[in-house]
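A quick write-up on the structure given underneath.
The values are calculated or read from the model by the stated rules, or taken from the named source; none is laboratory data. Since this is a predicted model, take the numbers as computed values, not measurements. Backbone-built Cβ (ideal geometry, glycine too); neighbour counts: all protein chains shown. Areas reflect the complete protein model, heavy atoms only, side chains present, ligands, DNA and RNA absent. Shrake-Rupley method; radii C 1.70, N 1.55, O 1.52, S 1.80 Å.
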Amino acid sequence: MREGIIAVAGASSDKNKYWHKIFADLKAAGLDVYCVNPKAEPDPQARIYKDWTSLPQKPETIIIVVRPELTGEITDYAVKNGVGELWFQPGTYDESSAKTAKEAGITVHNACFMLQKGIW
């Protein structure tokens, strides 16, 4: 499966957290994936970064795993950087952020990336 460069917005570096499982399973599936989380300890070797500007490559897809009220900054980054797809994992969808993304020509999904792509 070739999905391009993926960033998981908000994935935890804590292996006990559910959102870490998404990041780990994407890597295990052989996908080119980064984690962006301002609360995480940066670890370029593990592909974990504190902010969008630290990423070594621009993602083509962003999987959102943060609370809906935190999605505005992610959407702004996606719009300014020509990201092609935003995936709002269940429970993360924000109508305003989705509208902004759609108006910029970004494909928006309100569904589980992992299930839709057959990873889980």
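Overview of results
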read-out	value
Residue-wise HN-Hα coupling along the range 48-62, computed from phi with Karplus coefficients 6.51, -1.76, 1.60 (Hz; x: Gly, Pro)	10, 10, 7, 8, 5, 5, 7, 4, x, 9, 7, x, 8, 9, 10
Gyration tensor verdict on the range 36-89 (Cα atoms; rounded if a/c is under 1.5, prolate if a/b is larger than b/c, oblate otherwise)	oblate
Cα-Cα over 22 Å, subset of Lys15/Lys50; Lys15/Lys58; Lys27/Lys102; Lys21/Lys50	Lys15/Lys58; Lys27/Lys102
Residue-averaged 222 nm ellipticity for the chain, from DSSP H runs of 4+ at -39500 (n - 2.57), nearest 500	-8000 deg cm²/dmol
Cα gyration tensor category, rounded, prolate or oblate, for the chain with a/c compared to 1.5	rounded
DSSP beta bridges in the range 16-120 [antiparallel fraction, %, rounded to 5]	10
Residues listed by number, the range 69-93, amide nitrogen under 17 Å from Ser54 label point at 7 Å toward C-beta	74
Mean Cα-pair separation over length for the chain, i.e. relative contact order, pairs under 8 Å, 6 or more apart, %	22
Folded to 0 to 90 degrees: helix 18-28 orientation relative to the chain principal axis, Cα	70
Carbon plus sulfur fraction of accessible area for the chain, probe 1.4 Å, in percent	48
Accessible area in square angstrom per residue, the range 52-117, 1.4 angstrom probe	50
